[in-house]
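Notes for the one structure printed next.
The values are calculated or read from the model by the stated rules, or taken from the named source; none is laboratory data. Owing to the predicted nature of the structure, the values given are computational and were not obtained by experimental measurement. Cβ atoms come from the backbone with ideal geometry, glycine included; neighbour counts cover every protein chain shown.
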Amino acid sequence: MIEVVGLTRKYGSFTAVDDVSFVCQPGRVTGFLGPNGAGKTTTMRVMVGLTPATAGRVTIGGHVYQDIPNPGRHVGVLLDASAQHAGRTGREILEIGARTMGLPDSRIDEMIELVSLTPQEAKRRLRNYSLGMKQRLGIAHALLGDPSVLILDEPANGLDPAGIRWMRGLLRGYAERGGTVLLSSHLLHEVEQIADEMILIGNGRIVAQGDKKTLLAGAAKGIATTFVTALDNPALAAALSAKGITVASAGDGLRVEAEAVEVGRTALEATVVLTDLRSADGGLEDLFLELTADTQRETVV
Amino acid sequence: MSTVTVPTMDISGTAPTPFLRLVRVEARKAYDTRAGFWLLVSTALLCAIVMVIQMAIGVSQDDVFLSYNSFLTSTNFSIAILLPVIGIMLLTSEWSQRTAMVSFSLEPRRPRVIVAKLVVGLVLAVIAVVIALLLATICNALYSVLSDDPTVWNASVAHTAGFLLLQVVGMLTGFAFAALLLNTPAAIVIYMVYSFVLPGLFELGAQLMDWFDKIRPWIDFNYAQGPLVDATMTGKDWAYFATSGFIWLVVPLVIGFSRVLRAEVK
């Protein structure tokens, strides 16, 4: 539904977005993942015509955003939950949106209820809102026009754990009903739990894209690592070493450079009782940090 | 990427946002915040207060004679100052509060949003004029009752039209400076310099330099608006008005407009 083709945005000699191309399909949640300043927000701003592109183009459902009549009815946008008048009440903000889009007032109450703001909270002015409440209001604003495409920039930012779970459910359901969702984040676990498709961006360039499996398969060039704890660690270590597998002690247990299944089989053969066995599941995170290493502010060790 | 088929979205059933709806929304935005609401209310209140003070002086001082037009002229100290500020705020508040991001996502055809704001500004100017005319009528009627001076109802179509034009021009000038600067304090300061400091400088220049005295009417918009107040505009005055108005109103408005249309909205 959203198609980005060769998108580039330059500010003088600085290239914020560099030849970015990707597609967001309906019925799927696409996660746009990258460290701060990677170009996520700029890409999303170009999508809705707030920032002109230097080169390339973005179409939503085959249309340039500026050509969509009453775009709020087709594309729900939340770029910055704080970019609202601090002196307006939450309800008034939704009311202005609803009036602009030509929606009945009943829609406002529906949305306030949907994002679990109480009627009292909706009457408060935005300057008295917490970031989490602003995000809920922003999501309500994006959903007002019952759009088929959602573009959300860091929507989970400021939400409490329960709020993040709520939003996950909301967007999941929205995608299952055929909607297209593009959401950005700089937090991996936020995205990996909800996104069907992930686009990793760093330094304005796409470094990887695909679903979680594809991404991990692409990264599996390294040796799998497993953490294991047994009642008799030295015996297990000896059995693994005998097979030529590298073992090192780690905390209460062992760090083994092999698949979990291989470690389990060895334990069975050596008749050692295991109390804990798990693969080192940092795969995606390692991949993310590795792929965006050049653009991280902190060097990854 | 080209192998991926991207489903299209059917937009044929959606009508574009009607312009009048945009005007109604922009009008609502002008008064739905405390700042906006009180700016409008205090403009009307100030207009009344200045006239009442003027009337009190007229009643208590024997050597002061007031007419309907003198009450209207007192709006130089009320709506003539605050209307341009309203014009400025209509536009700049979208930038200072960053609501332009939402406004322009809901209506990406930016000229329609800006023109809707301009229409709201003009409507507010007309409302202000109607209030001022009403207040002047009330004050002059009270004055004729309270004072021994003869009552003078010197209202004329030319006066009223000139008065309306003055207020509309004031509103537009504020709006133009706002579009040019997109920043509330800067636009207000520049407007105040333009309307209070610049006339003095022009006057000084005209006194000191003969050649400047000759070109001044062509470039001093405040000066060119003078005859409008007394409804004594001649053909030459209209030429002055048009030329200086082009410099101080049309040029900033055009530059400001094109700036807003191309600006990256943050």
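Out of segment A:95-107, which residues are more than 7 Å from chain B (Cβ to nearest Cβ) and without any contact (Cβ under 8 Å) to a residue 24 or more places away in the chain? A:E95, A:P104, A:D105, A:S106 - these are the residues of segment A:95-107 that are more than 7 Å from chain B (Cβ to nearest Cβ) and without any contact (Cβ under 8 Å) to a residue 24 or more places away in the chain. Being surrounded by fewer than 20 Cβ atoms within 10 Å (Cβ to Cβ), under 19 Å from A:N157 (Cβ atoms), small (G, A, S) and more than 10 Å from every other protein chain (Cβ to nearest Cβ): is that true of A:G37 here? The answer is yes for A:G37.
Evaluated against (1) in contact with a helix residue (DSSP H, G or I) (Cβ under 7 Å, 6 or more places away or on another chain); (2) of a type in the set (S, T, N, Q); (3) within 12 Å of another protein chain (Cβ to nearest Cβ), B:T43 falls short on exactly one condition, (3). When segment A:75-87 is filtered for residues that are within 7 Å of chain B (Cβ to nearest Cβ) and either more than 12 Å from A:L144 (Cβ to Cβ) or free of Cβ contacts under 8 Å to residues at least 40 places away in the same chain (or both), the ones remaining, listed by number, are A:L79, A:D80, A:A83, A:Q84, A:H85, A:A86, A:G87. Test each condition in (1) more than 12 Å from chain A (Cβ to nearest Cβ); (2) part of a helix (DSSP H, G or I); (3) not β-branched (V, I, T) for B:F65 and report the one that comes out false. Only one criterion in (1) more than 12 Å from chain A (Cβ to nearest Cβ); (2) part of a helix (DSSP H, G or I); (3) not β-branched (V, I, T) is unmet by B:F65, namely (2).
In segment A:49-72, is there at least one residue being facing another protein chain (nearest Cβ under 9 Å), touching a Leu at 6+ places or on another chain (Cβ under 7 Å) and either assigned to a strand (DSSP E or B) or under 17 Å from A:R136 (Cα atoms) (or both)? Taking every residue of segment A:49-72 in turn, none turns out to be facing another protein chain (nearest Cβ under 9 Å), touching a Leu at 6+ places or on another chain (Cβ under 7 Å) and either assigned to a strand (DSSP E or B) or under 17 Å from A:R136 (Cα atoms) (or both). Against the list (1) of a type in the set (G, A, S); (2) part of a loop (DSSP other than H, G, I, E, B); (3) out of contact with any Gly (no Cβ under 9 Å at 6 or more places or on another chain); (4) within 21 Å of A:G163 (Cβ to Cβ), the condition A:A86 fails is (4). Note on segment B:115-130: among residues that are free of Cβ contacts under 8 Å to residues at least 60 places away in the same chain and within 20 Å of B:S78 (Cα to Cα), the one that is farthest from the chain's Cα centre (by Cα) is B:V130. Only residues that are within 17 Å of the chain's Cα centre (by Cα), closer than 25 Å to B:M51 by Cβ and crowded, with 17+ Cβ neighbours inside 10 Å were counted in segment B:143-191, giving 14.
Scanning segment A:17-34 for residues that are assigned to a strand (DSSP E or B), away from every other protein chain (no Cβ under 14 Å) and small (G, A, S) yields one hit, A:G31.
You will find that of A:E121, A:E92, the residue that is at negative phi and at the interface with another protein chain (Cβ under 8 Å from one of its Cβ atoms) is A:E92 and no other. Taking segment B:229-266 as the range and being loosely packed, with under 13 Cβ neighbours inside 10 Å and outside any helix (DSSP H, G or I) as the test, the residues that pass are B:T232, B:T234, B:E264. Within segment A:105-116, one or more residues are in a loop (DSSP other than H, G, I, E, B) and under 30 Å from B:L91 (Cβ atoms). The sole residue among A:I199, A:I194 that is assigned by TED's automatic domain parsing to the domain that holds A:T8, more than 29 Å from A:T15 (Cβ to Cβ) and crowded, with 18+ Cβ neighbours inside 10 Å is A:I194. Output the residues belonging to segment A:53-74 that are free of Cβ contacts under 8 Å to residues at least 40 places away in the same chain, surrounded by fewer than 17 Cβ atoms within 10 Å (Cβ to Cβ) and within 21 Å of B:V260 (Cβ to Cβ). Within segment A:53-74, A:V64, A:Q66, A:D67 qualify.
When the criteria are applied in full, B:D237 meets the requirement of being of a type in the set (D, E), in contact (Cβ under 8 Å) with a residue 12 or more places away in the chain and away from every other protein chain (no Cβ under 14 Å).
Within the option set A:E95, A:E110, being acidic (D, E) and within 12 Å of A:L143 (Cβ to Cβ) holds for one residue only, A:E110.
Residues in segment B:195-211 that are surrounded by fewer than 18 Cβ atoms within 10 Å (Cβ to Cβ) and among the aromatic types (F, W, Y) were compared, and the one that is farthest from B:A100 (Cα to Cα) is B:W211.
Can you name the residue in segment B:84-117 that is among the basic types (K, R) and more than 10 Å from chain A (Cβ to nearest Cβ) and, of all such residues, is surrounded by the fewest Cβ atoms within 10 Å (Cβ to Cβ)? Steps first, please.
Let us first name the residues in segment B:84-117 that are among the basic types (K, R), namely B:98, B:109-110, B:112, B:117.
Next cut, more than 10 Å from chain A (Cβ to nearest Cβ) only: B:112, B:117.
Numbers: B:R112: 16, B:K117: 25.
Only one residue tops the list, namely B:R112.
For A:R45, all conditions in the list (1) modelled with pLDDT of 95 or more; (2) more than 11 Å from chain B (Cβ to nearest Cβ) hold save one; what is the number of the exception? Single failed check for A:R45: (2).
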